[in-house]
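Enquirer: Before anything else, here's the structure in question.
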There are 2 protein chains.
Amino acid sequence: MAKTSALSPLAPARFPDLPVIDGVTFSTIAAGVRYQGRTDVMLAHLIPGTTIAGTFTRSATRSAPVLDCEAKIGGPSDDAAAILVNSGNSNAFTGKGGVQAVDAITAAVSKACGVPQNRVFTSSTGVIGEPLPYERITESLTGLTTALDAGGIEAAAHAIMTTDTFPKGAAASVDIDGKTVSIAGIAKGSGMIAPDMATMLVYLFTDARIDQTELQSIVSAGTDRTFNCITVDSDTSTSDTLLMAATGASGVDVTGSAGFATAVHDVMRDLAHQVVRDGEGATKFVEIQVTGAASDKDAHTHAMSIANSPLVKTAIAGEDANWGRIVMAVGKSGAAADRDTLSIRFGDIVVAENGWRSPNYNEDDAAAHMKAQNLVIGVDIGIGSGQATVWTCDLTHGYIDINADYRS
Amino acid sequence: MAKTSALSPLAPARFPDLPVIDGVTFSTIAAGVRYQGRTDVMLAHLIPGTTIAGTFTRSATRSAPVLDCEAKIGGPSDDAAAILVNSGNSNAFTGKGGVQAVDAITAAVSKACGVPQNRVFTSSTGVIGEPLPYERITESLTGLTTALDAGGIEAAAHAIMTTDTFPKGAAASVDIDGKTVSIAGIAKGSGMIAPDMATMLVYLFTDARIDQTELQSIVSAGTDRTFNCITVDSDTSTSDTLLMAATGASGVDVTGSAGFATAVHDVMRDLAHQVVRDGEGATKFVEIQVTGAASDKDAHTHAMSIANSPLVKTAIAGEDANWGRIVMAVGKSGAAADRDTLSIRFGDIVVAENGWRSPNYNEDDAAAHMKAQNLVIGVDIGIGSGQATVWTCDLTHGYIDINADYRS
């Protein structure tokens, strides 16, 4: 069982107030899948007509529930739907037994909730390679369906946690034609991945009316700009799943609304930042802004190379304004760069420009900046107009503590 | 200045006996480039006709000495030649001043040794972004040239060290037509890179006679199979340099000799393993063998994904037979894989096969195996005949200690 870690020093002060989203109800239960003395299963019930979009891990070793969800996305939206998530066991790398467990769970949810099986989406997060004791989940369904409640989203955020040190929630609203639509989301993830307790999971809900195809394109674009721009340790889960459900219960059609897409992306970014802030062992939250690259794609490659470099991350942990390691990470990324046009800043402090240390650089100023909890590293490649921003955390003894004796 | 670390627990018992290579002489000096109380410059002098091949970092932010060496490789071999290496300062990311420093050093060596400037190869390793005080090197040349000695290779291995905890040397010989040719090499590197004291450097010498083109192809192929198959922390230096010099002094022409190429590769592999064994904070040496991939390239991609995964490396540090993290690393590598044909073993212990935990798997056996200092992780992808082997070390608190407060 997971080692319990102290609350991340980067945690928000408290869980935010999330709005009730008309058309969705939640319940949770302590089913004892693996953990004792805490909730570990959440059920969300969605009214008929709810459109559902999703993005998933690109891992070649995707888990059975991920493959099942992927296959169901894009189907008809007429009927009611359900999302069931368990923590404690990821049902990943569990062979044919894993597929059978997904089938058993989705069949039971279908029956208990009166929704078609192809409208039941399930996720599992936790240890890899152990058979999922799915009967503990299916036997909990009566308790779950009788407890469904519109105000249950915060409890749901708790039930899906594994090594997370805090539950993650975010919300936004947008006014369209004088009416308000709301968006609320929850996430779990402590690191881009913690494979034994595998997975980043994200669930977003809105009362907006929008067809599935457009919802999918908003979600896909948002994932590229938010969850695909964070990294804790460069590792990728076999189970990462994001689902967004639009119930339509507000009666407000958001088709073509840029404001709605922006609000969804804001919620996604907020949750993505919270995942980084709960990164294993994290003591610093770092935004890496790359500009002047040959393309946006190149800028992203440079930014992720910096964000994933163990040497950059340990320097940040040590509050060391070690710009030489940034030069190294840009150089090794594989994207285009020119040593002699490169500029680097920590916050507003320019440390290097035109291929060398800045003449105005003062080590004491930079060292003082590095003591902050939230840092910005700016890198201008100096050869084009491509740009990207990614977020990461530092690499500390805490990461080693959590991961070097995790299963013991 | 670098923190002095304790001798790596993976260090060899002693420096090996290296043969004298006819045609090359060595000297070292304490020039005070950055360090005090130790040698920090080595000079190697090579007789006329020596052919020289090299491989270099592929970083886009290569240092001035690397660019200068690259440009000189492949030129005429008629004249004598020299290699000068300093530790303490990498002369990387030092703008136009860096180029001027290389020009000043190579001009001075040319004059002092009586060799053309285009036959002077120089490398620098150490802190990035500080001007190289090259006068300390050029002023030491009289001392260096008068001390040149055929038996000086072990002292040279010491002079090029930075954060290394032990000097690295290896040798081989091969009999061709009843005559013996010898190969001796030295290396430095503690991690694939330690960017402030940047660089892996490797110098190989042989008395064989071989033309430059063929020597280059042996060296390039060997680099792909040895130094490009090791990783400590996935980071890549701005300065990595390998040079091999063939003096021809044995009079033995090794053109087309497979035995010679194999012997060179053996020396390269030995030195590559020593670099991993001196990996920052390393306590385990790990060989990762991937078989059954769609191609050799895919096998290498999978192997490096496993070798670079912080979660795999921390599990090894924790002596945890955590095969779920291997599944994850294969899944994220980007190379082709099929979850349901994957097999994983630790040494001879099969832990997973056909997409699930092996029915014969015994956690106690695997846990006992993980306590060894030298580990083998075998992964069969099960979809083709591609294979690759790479070497890495674990990720420990020692790595954080060394890198989180390195410059302080």
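The values are calculated or read from the model by the stated rules, or taken from the named source; none is laboratory data. All of these numbers come straight from a predicted model, not from anything done at the bench. When we count neighbours, we look across all protein chains shown, and the Cβ atoms used for this are built from the backbone with ideal geometry, even at glycine.
Enquirer: So which residues in the stretch A:363-408 are free of Cβ contacts under 8 Å to residues at least 12 places away in the same chain and more than 26 Å from the chain's Cα centre (by Cα), if there are any at all?
Expert: If the condition is that a residue be free of Cβ contacts under 8 Å to residues at least 12 places away in the same chain and more than 26 Å from the chain's Cα centre (by Cα), then A:D364, A:A368, A:S408 are the ones that fit.
Enquirer: Among B:V66, B:V85, B:V115, which is the only one that is in a helix (DSSP H, G or I), touching a strand residue (DSSP E or B) at 6+ places or on another chain (Cβ under 8 Å) and among the aliphatic types (A, V, I, L, M)?
Expert: Residue meeting the stated conditions: B:V66.
Enquirer: Does B:R14 satisfy the condition of being under 24 Å from the mean Cα position of the chain (by Cα), among the charged types (D, E, K, R) and away from every other protein chain (no Cβ under 14 Å)?
Expert: Answer is yes for this residue.
Enquirer: For the stretch A:23-60, what are the residues that are in contact with a Lys or Arg (Cβ under 9 Å, 6 or more places away or on another chain), more than 30 Å from B:I306 (Cα to Cα) and part of a loop (DSSP other than H, G, I, E, B)?
Expert: Scanning the stretch A:23-60 gives A:A30, A:A31, A:G32, A:D40, A:G49, A:T50.
Enquirer: Name the one entry in B:T55, B:T51, B:T122, B:T94 that is at pLDDT below 95 and more than 14 Å from chain A (Cβ to nearest Cβ).
Expert: Within the list B:T55, B:T51, B:T122, B:T94, the selection yields B:T55.
Enquirer: If you don't mind, there's one more thing I want to ask. Taking the stretch A:348-379 on its own, how many of its residues are more than 14 Å from chain B (Cβ to nearest Cβ) and more than 29 Å from A:P9 (Cβ to Cβ)?
Expert: Counting residues in the stretch A:348-379 that are more than 14 Å from chain B (Cβ to nearest Cβ) and more than 29 Å from A:P9 (Cβ to Cβ) gives 1.
Enquirer: Could you check A:E154 against (1) more than 14 Å from chain B (Cβ to nearest Cβ); (2) within 22 Å of A:Q36 (Cβ to Cβ); (3) at pLDDT below 95; (4) surrounded by fewer than 23 Cβ atoms within 10 Å (Cβ to Cβ) and say which number it fails?
Expert: Among (1) more than 14 Å from chain B (Cβ to nearest Cβ); (2) within 22 Å of A:Q36 (Cβ to Cβ); (3) at pLDDT below 95; (4) surrounded by fewer than 23 Cβ atoms within 10 Å (Cβ to Cβ), the lone unmet condition for A:E154 is (3).
Enquirer: Going by what's in this entry, would A:A272 be described as within 14 Å of chain B (Cβ to nearest Cβ) and among the aliphatic types (A, V, I, L, M)?
Expert: The answer is no for A:A272.
Enquirer: Are any of the residues in the stretch A:342-359 farther than 29 Å from B:D401 by Cβ, out of contact with any His (no Cβ under 8 Å at 6 or more places or on another chain) and charged (D, E, K, R)?
Expert: yes
Enquirer: Contact list please: Cβ distance under 6 Å, first residue in the stretch A:108-128 and surrounded by fewer than 24 Cβ atoms within 10 Å (Cβ to Cβ), second residue of a type in the set (A, V, I, L, M), pairs at least six apart or on different chains.
Expert: The qualifying pairs are A:A108/A:L141; A:S110/A:V120; A:A112/A:L141; A:C113/A:A82; A:V115/A:A80; A:V115/A:A81; A:V115/A:A82; A:Q117/A:A107.
Enquirer: Find all pairs meeting these conditions: Cβ atoms under 9 angstrom apart; at least six residues apart or on different chains; first residue within the stretch A:327-347 and closer than 21 Å to A:S385 by Cβ and charged (D, E, K, R); second residue at pLDDT 90 or above and assigned to a loop (DSSP other than H, G, I, E, B).
Expert: Between residues of the stretch A:327-347 that are closer than 21 Å to A:S385 by Cβ and charged (D, E, K, R) and residues that are at pLDDT 90 or above and assigned to a loop (DSSP other than H, G, I, E, B), the close pairs are A:D338/A:I381; A:D338/A:G382; A:D338/A:I383; A:D340/A:G382.
Enquirer: Next question. Take the residues in the stretch B:282-326 that are of a type in the set (K, R) and buried (at least 21 other Cβ atoms within 10 Å of the Cβ), then tell me which one is modelled with the lowest pLDDT.
Expert: My answer is B:R325.
Enquirer: Need the failing condition index for A:A13 against (1) of a type in the set (A, V, I, L, M); (2) free of Cβ contacts under 8 Å to residues at least 24 places away in the same chain; (3) under 30 Å from A:A208 (Cβ atoms); (4) assigned by TED's automatic domain parsing to the domain that holds A:V120, just the number.
Expert: (4) is the only condition that A:A13 fails.
Enquirer: A further question follows. Going residue by residue through the stretch B:95-104, is there one that turns out to be under 22 Å from the mean Cα position of the chain (by Cα), in the same structural domain as B:A245 (by TED's automatic domain parsing) and surrounded by 18 or more Cβ atoms within 10 Å (Cβ to Cβ)?
Expert: Within the stretch B:95-104, not a single residue is under 22 Å from the mean Cα position of the chain (by Cα), in the same structural domain as B:A245 (by TED's automatic domain parsing) and surrounded by 18 or more Cβ atoms within 10 Å (Cβ to Cβ).
Enquirer: Looking only at the stretch A:350-374, count every residue that is closer than 15 Å to A:G324 by Cα and not in a loop (DSSP other than H, G, I, E, B) and tell me the total.
Expert: 9
For (1) assigned by TED's automatic domain parsing to the domain that holds B:T162; (2) out of contact with any strand residue (DSSP E or B) (no Cβ under 6 Å at 6 or more places or on another chain); (3) in a helix (DSSP H, G or I), each residue gets a yes or a no:
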| site | (1), (2), (3) |
| --- | --- |
| B:D224 | yes, yes, yes |
| B:L242 | yes, no, no |
| B:G251 | yes, yes, no |
| B:A263 | yes, no, yes |
| B:D270 | yes, no, yes |
| B:T301 | no, yes, yes |
